[in-house]
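Structure record follows, encoded as structure tokens.
The values are calculated or read from the model by the stated rules, or taken from the named source; none is laboratory data. Please read these numbers as outputs of a predicted model, since none were measured by experiment. Backbone-built Cβ (ideal geometry, glycine too); neighbour counts: all protein chains shown. These area figures cover heavy atoms from the full protein model, side chains too; ligands, DNA and RNA do not enter into them. Shrake-Rupley method; radii C 1.70, N 1.55, O 1.52, S 1.80 Å.
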Amino acid sequence: MDELHEAAIAYYNNGSNEQQNLSWQFFRAMDVNGDGRVSLQEYTDFLRQTAGLAWVHPEMFRELDRNGDGQLDFWEVLTLYYVARTRTINCRTCLRILNGLYFTCVTCFESSCGNTFDLCVKCYMRRTYCHPHRLFLDSYVLLRSRRNHHPSQPPGDQNLAEAQHSRMGWWNALRAMEVALAVGHLAAFCTIITINFWASIFLLPNRCLADLEQLCCAFWWNGTASTARGAIVAWEVVCSPKSSGGLGLKRLADWNQFFGLKLIWLLFSQGGSLWVSWCKTHFIRGRCFWNADFRATGSWIWRSLAKLRSLARPFVFCEIVSDRDALFWHDNWTDLGPLIDVVGVAGPRVTGIASLCLVCDASSDGFWSIPQGRHPLTQLLRTCLISYNPPPFDVGNDIFSWKTSRNQSLDFFSSPKTWRHLHPAGPAVS
């Protein structure tokens, strides 16, 4: 009621002389004895005569009586005048006058019959209503979503594209509202559960992610998914960590890339997976995953996944157990990284160890099969392996792990540690 009282005064102060005179005429019509105050009896008689009510509940009178003196002055009656002119809406369940925020059925609101189905917050929250339609929006979101609506252009006169956009507008408003609620209660959840699900299966197009972020940004600043005009802070800043002054949200493109790394990890950690077997049989086909040319192989999703190989390679570490799974040159099984990056592409030719040779094939009788000679690459390779001895016998399969730091390797994909490694927090803001 306090907000309605302030709104009534605001309208009165900014209204024309004619509008102010109408307010005073309303007050004088209620003040029958002309003492400048409206009693409960005068209030009741006025509503019975003008509204035709057989019985008037005194609760509204008590709410209007701000100072509790049992009478209404002009400013308190002004609130009633404002409610009568703008808020003649009742809850369809408890029949109380809807003074503040309330919920409206979107289907009934858009229909041409002119009747709306409105509920107070308590009745909508408790579901104490019976109505065939399910989509409800509160009065604020409903107003913001209708900002670009033109009453002079009914839906029947619009072309097909405009009508489709109008129908999607309500869905966008509802989805954006869900995103906003998630942002308000749990910032890390605003990436939307649906995106997490699909991105964990295959990479999503960047254009699609950009459009989704545009909708989120627009609703965050304007309450509507149509435009982000008027934003005072860049979306990049909003998505920065909380310690850096942001809200801790995650950019969808970064989140999509993050799930791509997880798919690459599955290629090495889940040998029994049907998807892994399919990729190895039809896409990799006996080649080295790290340097094979996949530009003409597989779908767009597989080629996009291949573009993340340079980013994923430092994370995939192989612990030597039997030497029968790790590639000698290309897998990361030493603390130095892949030996092909240390020695160079000429290493296989100079040393005689084939490019796709396994670690077990580069040793014999517990010693490395490195030719004797003074060639700089041969000496460099011998120096790199001086602290690594091949296992003397087969004790099991080589173990691939996810290495998030120099001294920590995990046998599973750690989402928080990987994210912090890829996106370290910036300078703290006090």
Near residue 262, which lysines are there with a Cα under 30 Å away, not counting those fewer than 8 places off in the same chain?
242, 250, 280, 307, 403, 417
At R0 = 56 Å, how high is the FRET efficiency between residue 345 and residue 125 if r is their beta carbon distance? Nearest 0.05 is fine.
0.25
If each of residue 254 and residue 303 carries a label point 7 Å out from its Cα toward its Cβ, how far apart are those two points in nm?
2.8 nm
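Keeping every protein chain present and rolling a 1.4 Å probe, give me the accessible area per residue for segment 287-419 in Å². Let's see the in-between values first.
On the way: 7150 Å² over 133 residues.
In whole numbers, segment 287-419 has 54 Å² accessible per residue.
If 382, 349, 313, 324 are ordered by their accessible area, calculated over protein heavy atoms with a 1.4 Å probe, which sequence runs from highest to lowest? Provide the component values of the computation, followed by the final result.
Values: 382 80, 349 185, 313 45, 324 135 Å².
Result of the area sort, largest leading: 349, 324, 382, 313.
Going highest first, how would you order 272-282, 397-407 by mean Cβ packing within 10 Å?
Numbers: 272-282: 12.3, 397-407: 15.8.
Result, highest mean Cβ count within 10 Å first: 397-407, 272-282.
For the full complex of protein chains and a 1.4 angstrom probe, list 110, 6 by accessible area with the highest value first. Walk me through the numbers on the way to the answer.
Numbers: 110 85, 6 125 Å².
Descending order: 6, 110.
Can you quote the Å³ per residue value for the convex hull of the Cα atoms in segment 323-430, rounded to an integer? Walk me through the intermediate numbers first.
Values: hull volume 14.9 nm³, N = 108.
It comes to 138 Å³ per residue, whole-number rounded.
Can you tell me, using C-alpha contacts under 8 Å and at least 6 residues apart, the relative contact order of segment 325-374 as a whole percent?
On the way: 45 pairs, mean separation 17.6, N = 50.
Reported relative contact order: 35 percent.
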Taking the Cα-to-Cβ direction at residue 140 and at residue 399 and moving 7 Å from each Cα, how far apart do the two end points lie in nm?
5.3 nm
Want the number for residue 319 to residue 270: 0.36 nm per residue separation, take away the alpha-carbon distance, what's left?
16.1 nm
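Given a Förster distance of 51 Å, report the FRET efficiency between residue 110 and residue 356 from their Cβ-Cβ distance, rounded to the nearest 0.05.
Details: r = 64 Å, r/R0 = 1.26.
Step by step, r from the Cβ atoms, then E = 0.20.
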So for the pair residue 425, residue 44, with labels modelled 7 Å out along Cα→Cβ, what separation do we get in nm?
6.3 nm
